[in-house]
Structure formats: C-alpha cells, structure tokens
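Here the structure comes first, spelled out in structure tokens, and everything after it is commentary.
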Amino acid sequence: MQGIWKVGRLARVLRDRSSILFNTEQLHAIGVSCFSLQWRYSHTNLVSSSCSALYGNPMQMESKCQRVVSSLKCHVSQRSSYSSKAIDVGSGSTDGSVPNAETVKEIYEKILKSIVDQKTAPPNAYLWSLIAKCANEDDIKLLFDILQRLRIFRLSNLRIHENFNCALCQEVTKACIRVGAITFGQKALYKHNLYGLTPNVGSAHHLLMFAKKHNDVDLMVDIMKLVSKNELPLQPGTADLVFSICYHNDKWELMCKYGKMFVKGGARLRQGSFDLWMDFAAKMGDVDSLWKIEKIRSESMNHHTISSAFSCAKALLIESKSEEAAAIIQVFYENLPVSKRQSITSELQKLVNEWPIEVIKRQKEESRKELARTLQSGISAMVDALSSIGAKMDVNVERVTIGV
C-alpha cells in the first residue's frame, strides 16, 4: 500500500509542478521516488496489481515519470544558468568548471555555439570563467558581446526578463577595472543597457576605488554623474571614497557639493567622512561651513574624535575665541584613556606649527596679515590655558607668520 500512496503522491506533485520552484534537491528526490517505484514494481506483485487497477500500468506510469523528470531537469538547468553559483549541467567535467587552459576566445565560442547552434543555455560556469580570464580590452569586448547575446537568448528562449544578478555584474566591473577598460566598466552603471547588467552601488564603489588609487578626479565626477542619473542609492561607503578623493586632491568646493548631495540623499555619513570634511574646512578657514558640518555630525554622533575636536578648536581660534578652543580640547583630553593622551600633544603640535601656515596661504592677500595676528595671539593664549593638562610647549611666532 505504501507503493500506491507513493504513486499517488508523485502524480499530484507532477500535476502541480508549475506551482513549485524546483531545485536540484527536489529533482533528486523525485528521481529517487521513481527509482523506488521501479524496484517495488519489479519485486512486489501485490503492489503492481493494485497500482495497475488504480492508475493504469505501473511500468508505463514509471516511464512517464522518468520522462517528465528528465524534462524538468533540463528546464531547471536552463532557468538556473548564470546564477551566482555554478551548477553542473553536462559541461563535460564533474564540477561544471572550464579547463584552465582555455582562452577567452575559446570560451566565447563555446557559449556562442550553445545559444546559436544548439539553442540551449550554456553552463553558467562558462560565463564566470570568461569573466575571470579577461586580460585585455579585446577580451572585454568579447565579454560584452556575449553578454548582449545571452540577454537576447534569455528573453527569447527562456522567457527570463530579469537582468543578471548583482554579483555577476560586480565581477564584470572588476574585470573591466583589472584590464583598464574603464569605459566598459561604466556601462555597468546604466539602468537601461543592452547587456542585462544590473546597476548597483557596489559596482560604482569598485570604479571609485580605481579613481582613488589613481587620484583621478575627473573619473570620480563621471562616476557620480552616472550614480545620480541612474538613481543608485548613496551609501556611507560612497561618501568615504568621494571625500577621500576630494581631500587628497585639494577639491574643497567639490567636496562640499557632494557632501550636500549625500546629506540630502539620506546617506548616514561615517565619522571618518565627517573628520575629513571638517579638517578640510579648517584648512580652508571656512568657519561657516565647518559649523554647519558640525551641526550635521552632532545629530548622528554622540562624541568627538580627536580630528573633529581639533577642527572645532581651529574654527574658534579663527573667531578669536581661544578660551573656548582650549575648553574643547581639555574636555576631549579628560575623556580619553591615559594611554591615548599623548596623541593630544602630538595633534596640538601640528596645530601650532603646521595648520597656521596652511590656512593663511589659502586666504586672500588682503586678509592674510590680519588672520596671522589673530592666530598668533590666539594660539599662545590657548596653549597657556591648556597648561593645566600638561600640554606645555613653546609657540614659534615666526612659524605662524610664514607666508604673510
């Protein structure tokens, strides 16, 4: 009777197969069921006769089951192609991988033969291997050509309207960066493209990291235009990369432009981004901008870092508020563990010897002398006020007036 119940259960599953998302485990289970039925039919006359009476000839039933299962396996193998995990669908190897000796051109031709001549979906391992093997711009051109062909094949033959998943698209971007084909990499950011690529901020980050490595401000601007145009969500990591590029290439206005974009877009900036933004404002002597940034920072951060605290102190020195500047540093100093207090003295030395020169040279010619006098007296007063915390040091007045 268990055999009868098994046949009935299998028949119901097959009748309702359109509502089930078959995976490899389910297909394996069905295959085992058919094998189990075959064994039972060949060894149990009672089950065979009962099944024959209720469902027709059991061996015919078994044969039909096997044909349906075989068809379903083929269908699932096609639908599951190009996922982020390679599946063996008869590629000629035990793990569905591509031999290491094959070139990009050879893999390209294999995929092309499969979709054009055989009208079947190639193993997704082929595409992943092709991406990994790209070594020059010609390889990238072949990659994008086959991506376009695969997109058409998926639409017309498999009725798959979705783009390739984000993981694959990021690997395509990384391959473009690896060989220096940045123009192709930027195509991965377009919402509407011919290649079935899914634009995502992860791909944008890979391109921004390349721009950061090469100090390429123009590339960063182009990438951010694509991010905005294609409505990719701004992330804290995006701000980290953009601010770093602007900071190290002395692009203050550009940093402010993107800073406003991130804040307006709802990106929750990390403390590191605020530190760079505020430090740059202090170097520029842009007090108004610094206090606006500090207001935004204080809404999401409970405590200062040493960088943000000293940036605020510098703004107060420019405003001739040396006592308030000393108070900020003293409070921060007292809240630090004893083991880290030495960093305050080091940062204070930079404020005395390096920052005045930097901020003065960035001012208009007519206002430099006045700012130099302000900092000359203000820094001396601040250091005197900090003597209670052991930060005694000599202020080199001549160093403060350099550049005037």
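No lab work stands behind these numbers, since they all come straight from the coordinates. Please read these numbers as outputs of a predicted model, since none were measured by experiment. We place every Cβ from the backbone using ideal geometry, glycine too, and count neighbours over all the protein chains shown.
Summary of computed values
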item: Candidate lysines for bridging to Lys119, where Cα separation is under 27 Å - those fewer than 8 sequence places away on the same chain excluded; result: Lys64, Lys73, Lys85, Lys105, Lys110, Lys133, Lys141
item: Sequence ranges 322-331, 300-309, ranked by mean other-Cβ count within 10 angstrom, highest first; result: 322-331, 300-309
item: Spatial separation of Cα centroids for segment 358-385 and segment 229-299, in angstrom; result: 25 Å
item: Listed pairs Lys212/Lys264; Lys191/Lys292; Lys212/Lys369 exceeding 29 Å between Cα atoms; result: Lys191/Lys292; Lys212/Lys369
item: Whole-angstrom Cα spans of segment 135-253 along principal axes, big to small; result: 52, 30, 18
item: Neighbour-limited loop hits for trypsin sites (Lys or Arg not before Pro), segment 236-323 (at most 13 other Cβ within 10 Å; DSSP other than H, G, I, E, B); result: Arg268
item: Relative contact order %, segment 133-254, counting alpha carbon pairs below 8 Å whose residues are six or more apart; result: 22 percent
item: Distance in nm between pseudo-label sites at Asp250 and Lys364 (7 Å out along the Cβ direction from Cα); result: 2.0 nm
